[in-house]
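Since the structure comes first, as structure tokens, the remarks are kept for the end.
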Amino acid sequence: MIDQTAFFSLSYGLYVISSKDADRAAGCVANTFQQVTSSPLQVSVALNKGNATTGVIRAAGRFSATCLAQDAPMELIGTFGFHCSDELDKFAACEHAFDTAGLPYVAEHACAHYSARVVQEIDLGTHVLFVGEVEEAEKLLSCEPMTYAYYHQVKGGKTPPKASSFLPDAVGAPLPADASAEAAAAEPGQPKIAWRCTVCGHMEYVEELPDDYVCPVCGVGKNMFERVEL
């Protein structure tokens, strides 16, 4: 038996992984970036094979990682976490800089950035593990790094389906515990209605969404929300 809730106890950070080849720049959010050795100084990151960023890293042979701060807005995380780099210039929506190899990295709401040259690639089935030797590292701000737990518990973030830590059985799960509490707090006689984003799972507790509503987490429109009776 595998209790999937046991995986919620694992500790992760939250990072933007980016790269650039001759034709395009790409970036995505990942919680799998980590240091694996100190001599030589090496890091690794696991990315879904379907991510545009994965293909760009393979072509470039290197990648950058930005450690996000706790105050990173959900709009920034949504841009890099719930959209494809083939369809959106993600770096146009944020402050960014370039490392000495010309790779872009997020330069706002960031504690530090790291740049690595890929020295090994391991096929993990749905994902690829890139191991890279660090060629550049810089502390950007004195701030608290965002953990994956903080992203979920404090900021109410969701896990994209392509993420390494995505649990398929969680899709369509009951509403979070605070949903019923928020509904109960509504004025007597008010409809107990919510709207759930079918892309990222974000909830809005209102009777009706405006026609121009945009999800604050992943940026999709009203047409991607489903009505939920609480």
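The values are calculated or read from the model by the stated rules, or taken from the named source; none is laboratory data. This is a predicted model, so every value here is computed, not measured. Cβ placement follows ideal geometry from the backbone for every residue including glycine, while neighbour counts extend to all protein chains displayed. SASA here: full protein model, heavy atoms, side chains in, ligands and nucleic acids out. Shrake-Rupley method; radii C 1.70, N 1.55, O 1.52, S 1.80 Å.
Just need a number here: residues in the stretch 6-18 that are open to solvent by less than 30 Å² (accessible area, probe 1.4 Å) and outside any loop (DSSP other than H, G, I, E, B).
4
When only residues in the stretch 209-230 that are in contact (Cβ under 8 Å) with a residue 12 or more places away in the chain and among the acidic types (D, E) count, which is most open to solvent (accessible area, probe 1.4 Å)?
E229
For (1) open to solvent by less than 20 Å² (accessible area, probe 1.4 Å); (2) within 19 Å of V128 (Cβ to Cβ); (3) of a type in the set (K, R), each residue gets a yes or a no:
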site	(1), (2), (3)
K49	no, yes, yes
I77	yes, no, no
K90	yes, no, yes
L103	yes, yes, no
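Within the stretch 19-31, can one find any residue that is assigned to a loop (DSSP other than H, G, I, E, B) and within 18 Å of H127 (Cβ to Cβ)?
The answer is yes, given that some residue of the stretch 19-31 is assigned to a loop (DSSP other than H, G, I, E, B) and within 18 Å of H127 (Cβ to Cβ).
Considering only residues that are aliphatic (A, V, I, L, M) and open to solvent by 30 Å² or more (accessible area, probe 1.4 Å), look in the stretch 19-47 and name the one that is farthest from Q153 (Cα to Cα).
Taking the candidates together, the pick is A22.
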